[in-house]
1. Can you give the angle from 0 to 90° between the axis of helix 160-180 and the longest principal axis of the chain, with both taken from C-alpha atoms, to the nearest 10?
2. Just how many % of Cα pairs in the chain lie over 36 Å apart, if you round to the nearest whole percent?
3. Take every Cα-Cα distance within segment 133-258, group them into 10 Å bins from 0 onward, and report for each bin the whole-number percent of pairs it holds.
4. Compute the projected area of the convex hull of the Cα atoms of segment 26-129, averaged over all viewing directions, and report it in nm² to one decimal place.
5. Can you spot the aspartates and glutamates whose alpha carbon is less than 19 Å from LYS3's alpha carbon? Ignore those fewer than 8 places along the same chain.
6. Among the GluC sites (Glu not before Pro) in segment 1-106, which ones are in a DSSP loop with at most 10 other Cβ atoms within 10 Å of the Cβ? Mind listing them?
7. Could you give the angle, 0 to 90 degrees to the nearest 10, between helix 13-24's Cα long axis and the longest principal axis of the Cα atoms of the chain?
8. Within 10 Å of each residue's Cβ, count the other Cβ atoms and sort ARG80, ARG219 from fewest upward.
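Where a number appears in this text, it was derived from the coordinates with a stated rule and is not lab data. Not measured: the values here are computed from a predicted model. Using ideal geometry, Cβ is built from the backbone for each residue, glycine included, and neighbour counts are taken over all protein chains shown.
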Amino acid sequence: MAKVALVTGAGRGIGRGIALALAEAGWAVVINYRGNAATANETAELAREAGGEALVVQADIGAAADRARLVEAALERFGRIDLLVNNAGMGPRTRLDILETTEASYDEVMNVNLKGPFFLSQLVARTMLERLEPGVDRADAPKIINIGSISAYTSSPTRGEYCISKAGVTMMTLLFADRLAESGINVYEVRPGIVETDMTSGVKGKYDKLIGDGLTPIRRWGQPEDVGRAVVAVAEGRFPFSTGEVLNVDGGFHMHRL
């Protein structure tokens, strides 16, 4: 039976790239979405065409009842979850200087980007531990992958709530990696850079110029499939002696250069 991955925010963008890469590698994928059923169902059809089994589940990961329903649906259909990919995320609906950031925007972004993934990881980790077979090889054991961002360490004062949430994801990765290591469950952060999605479409002109001028050593936009390939490499157990690790998928942005 195929291994099962639960990918949050998989209807479009990076989440779709991850779901399709996993499907192409033979995984069954649970495609979670919050509001756009059409794009989620399109992702599912593409996943099936790629050779994977797909289940679409609507759920707001910021809501406890929805998280429980999401996990229950995955277990009811497949019986287990071998991989959780915490990908769902959002930027502020309106970019504001941090001196003008509202509590409502802060709470919304943190709820989706950090609180939701934290408690979903807690819930899924418990199911993984309950179903963990004694003596399973660490490479084949369940895993958790958090999709971070270069915004974890790159200041953007007009979207401070997003930056803080992604910095929190980095620590969340370390915490779960530490807690679950003794059970053989590895936890990773895959950290994309500037990726061409609908989330970045509004700043395309700005980043076209920056990338062309050498912002990243690899002078092109990242694509969702770049992140998908990285997730598959981790999911397939290529790094069994690494946990709490960050895999940068950013064209070299993270390097300090003179």
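1. Once rounded, one gets 30 degrees.
2. Summing the P(r) of the chain above 36 Å gives 9 percent of all pairs.
3. 13, 39, 31, 14, 3, 0
4. If you wrap the Cα atoms of segment 26-129 in a convex hull and average its projections, you get 7.4 nm².
5. Of all the aspartates and glutamates, those that pass the test against LYS3 - Cα under 19 Å, at least 8 places apart if same chain - are GLU24, GLU45, GLU49, GLU53, GLU72, GLU76, ASP82, GLU130, GLU133, ASP137, ASP140, GLU236.
6. Those satisfying the criteria are GLU100.
7. Rounded to the nearest ten degrees, it is 30.
8. ARG219, ARG80
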